[in-house]
Amino acid sequence: MATQSAASKTFEATQFKPTPNNLEAFFMPFTSNRAFKAKPRLFVKAEGMHYTTIEGRKVLDASAGLWCMNCGHGRKEISEAVARQIAEMDYAPPFNMGHPSSFELASRVAALLPAGLDHVFFTNSGSESVDSALKIALAYHRARGQGTRQKLIGRDRGYHGVGFGGISVGGMVNNRKWFGNALNGVDHLPHTYNRQEMAYSKGMPTWGTHLADELEKLVALHDASNIAAVIVEPVACSTGVLVPPQGYLQKLREICTKHGILLIFDEVITGFGRLGASFATEYFGVKPDLITCAKGLTNGSIPMGAVIVSKDIYDTFMGSAAEGAIELFHGYTYSAHPVACAAGLAALDIYKNEGLFDRVKELSPYWEQAIHSLKGTKHIVDLRNIGLIGAVELEPRAGKPGARGQEAFIAAYEAGVLTRVTGDTIAMSPPFIVEKSQIDQMVTTLRDVLNKID
Ligand SMILES: Cc1ncc(COP(=O)(O)O)c(C=O)c1O
């Protein structure tokens, strides 16, 4: 009792204490909290291609926030749609009830995809999309009487978010090693990067198609009757931008089809135009059974993700449950949140009205030439690009992997350009509204920064 009242006293004393400049309470994600809090970098405003820092300095956004602000910042169409929706109806329960804009958004997302990929399950993030897709894959096989198919296959260096499913199929060691065993029954394909064979490739490397055959080896090891799904990012972005070798994704598709294994494309980054086509499935001409997406769905403005499933998967669920029974025991309080749906519909309007996917296609050759113009700059050991994605890989400092990358990232930020760093790779993925002069600025800034740092 005594402890309780002391605790509530402390609470009362502190709960309204204004501490605007205290950075301590926020446990920041994927960040060196101590380094950041010693020298913070705070944004307070965003408009078009730029952020404004708390000191009033403009920073060119070369990373579309976190690969999500495809239409650029401060889009009035989105903020007004969100404001209208929250005033009109702030929330509606998605279980057993519905609201019109969720159905409209699902239809409009499906319309961006090839025929047969036409049912949409809403989530609130990329991580939730991945875990939902994995669960749908498992439940699908069970629903069609193949419940032994429980193994999930990911890929080394893959990033599929931070849920237990996502880190299990993911292949970035730091995201896995701290968190125990995660899911059982997961195996991994090798990643597709080999610097000797593919350094400075423009777009898709010609080497590496054969790596898809590794899937046959996993099938031989585990037997197809035990494998539910293979999940890959069509372009592995968060690990430092690994562009798939020519023909690799087609081959994965063929092997999955041959063995009745579902193929999941994690398009959380490639979805909504990043490659100059609506989704990577269209760009590469390879049709998976499920697609995960998020980020660009609402232009990063309101958290929302989705899993798009094939007609076969949807029909299997509908056909296997008893009349009137729930077909999929899965969902979130905020699935198809009306405010997120409003943001999503407004973002899709912008993509369409401004022809932004075509704009990416038109800008891609300029982008490729700009990224590869960095060849020969100090520290650079490889350059990669596809669509409006570019990667600048640096030689790591001896015994200090990641240190040079982080220093380059901070120096670029201080010089007015926001990039994204993973280890010693600097990635850039600007909003689709980027101008050629701004692409030049990104490249020039990076060159200057690399010439200055050790
Ligand atoms: C391919 C991929 N999958 C999943 C995720 C996780 O998305 P979120 O951070 O929204 O959970 C990301 C995030 O970058 C991603 O790139």
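Values quoted throughout were computed directly from the atomic coordinates according to the rules given, and no laboratory measurement underlies them. This is a predicted model, so every value here is computed, not measured. FYI the Cβ positions are ideal-geometry reconstructions off the backbone, even for glycines, and counts take in every protein chain you see.
Summary table below
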read-out: Mean separation of Cα contacts under 8 Å (6+ apart) over length of the chain, as relative contact order %; value: 21 percent
read-out: Projected-area average for segment 352-454 over all orientations - Cα convex hull basis, square nanometres; value: 6.2 nm²
read-out: Extension gain, Lys45 back to Asp448 (0.36 nm per residue minus Cα-Cα distance, nm); value: 142.5 nm
read-out: Unit Cα scatterers, Debye sum, the chain: log10 I(q)/I(0) for q = 0.06, 0.10 Å⁻¹; value: -0.27, -0.76
read-out: Average projected area [Cα convex hull, segment 65-190], square nanometres; value: 11.0 nm²
read-out: Cβ crowding within 10 Å averaged over residues, with 367-375, 158-166, 135-143 ranked highest first; value: 158-166, 135-143, 367-375
read-out: Base-10 log of normalised Debye intensity for segment 282-373 (one unit scatterer per alpha-carbon) at q = 0.22, 0.25 Å⁻¹; value: -1.19, -1.23
read-out: Label-to-label distance, nm, for residues given as Glu80 and Phe179 (7 Å Cα→Cβ offset); value: 4.1 nm
read-out: Stretchable slack from Tyr200 to Lys436, in nm (0.36 nm times residue separation minus alpha-carbon distance); value: 82.8 nm
read-out: Debye-sum result for segment 102-256 in log10 I(q)/I(0), which assumes one identical scatterer on each alpha carbon, at q = 0.09, 0.12, 0.14 Å⁻¹; value: -0.32, -0.58, -0.79
read-out: Ordering of 95-103, 301-309, 57-65, 80-88 by burial proxy (mean other Cβ atoms within 10 Å per residue, highest first); value: 301-309, 57-65, 80-88, 95-103
read-out: Fraction of the pair-distance distribution of segment 147-215 above 14 Å, Cα-Cα pairs, percent; value: 63 percent
read-out: Linear extension gain, Ala398 paired with Asp358, 0.36 nm per residue minus alpha-carbon span; value: 10.1 nm
read-out: Anchor Lys76: aspartates and glutamates whose Cα lies under 15 Å away (excluding residues fewer than 8 positions away in-chain); value: Glu47, Asp349, Glu354
read-out: Spin-label model distance (nm) - Val381 vs Glu216, 7 Å beyond Cα toward Cβ; value: 3.2 nm
